[in-house]
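What follows is a set of notes on a single structure, which appears directly below.
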Amino acid sequence: MIAWWSWLLTAVGVTGLYYAGRKRALGWAIGLSAQLLWVAYALATTQYGFLASAGAYGWVYAKNFRTWQTEQRGVTADAAPQ
């Protein structure tokens, strides 16, 4: 497999974590989208265990994004003038 795959997957993953840590929705979108790259990697290298990890990571990213959105709405609603 071409060596740039590992660098690409690392860069995308770290970028997603960076933005998620800064509480930006973009981070969750990048992290979730990165799972498509992992699926492509799994299929290209016939390492099918990565399909399971992409599914698991995708589920966690989606779940945490929904939780984060709910918390953001709660903070916004609490901060609204009454």
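The numbers here are math on the coordinates, done by the rules we state, and not lab data. The model shown is predicted, which means the values in this text are computed figures rather than measured ones. No Cβ is skipped: glycine too gets one built from the backbone with ideal geometry, and neighbour counts run over all protein chains shown.
Defining a contact as two alpha carbons under 8 Å apart and six or more residues distant in sequence, what relative contact order in percent does the chain show? If you can, show how the numbers build up before the last one.
Details: 58 pairs, mean separation 17.5, N = 82.
Answer for the chain is 21 percent.
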3J(HN,Hα) from dihedral phi, segment 38-50, Karplus parametrisation 6.51/-1.76/1.60, rounded to Hz, x for glycine, proline: 5, 5, 4, 4, 4, 6, 5, 9, 6, 9, 5, x, 5
Under the Karplus curve 6.51 cos²θ - 1.76 cosθ + 1.60, θ = phi - 60°, whole-Hz ³J(HN,Hα) for segment 28-37, x wherever Gly or Pro sits: 5, 5, 5, x, 5, 5, 4, 5, 5, 5
Length gained when the stretch residue 6-residue 63 is fully extended (0.36 nm per residue, less Cα-Cα span): 17.9 nm
Helix 4-21 vs. the chain, principal-axis angle (Cα, 0 to 90°, nearest 10): 10
Point-charge dipole on Cβ atoms (K/R +1, D/E -1) for the chain, about Cα centre, debye to 20: 120
Ascending count of other beta-carbon atoms within 10 Å, so fewest first, for 41, 48: 48, 41
Residue 47/residue 24 FRET efficiency (R0 25 Å; Cβ-Cβ; nearest 0.05): 0.20
Given (1) 4.4; (2) 5.4; (3) 5.0, the label whose value is mean projected area of the Cα convex hull in nm² derived from this model: (2)
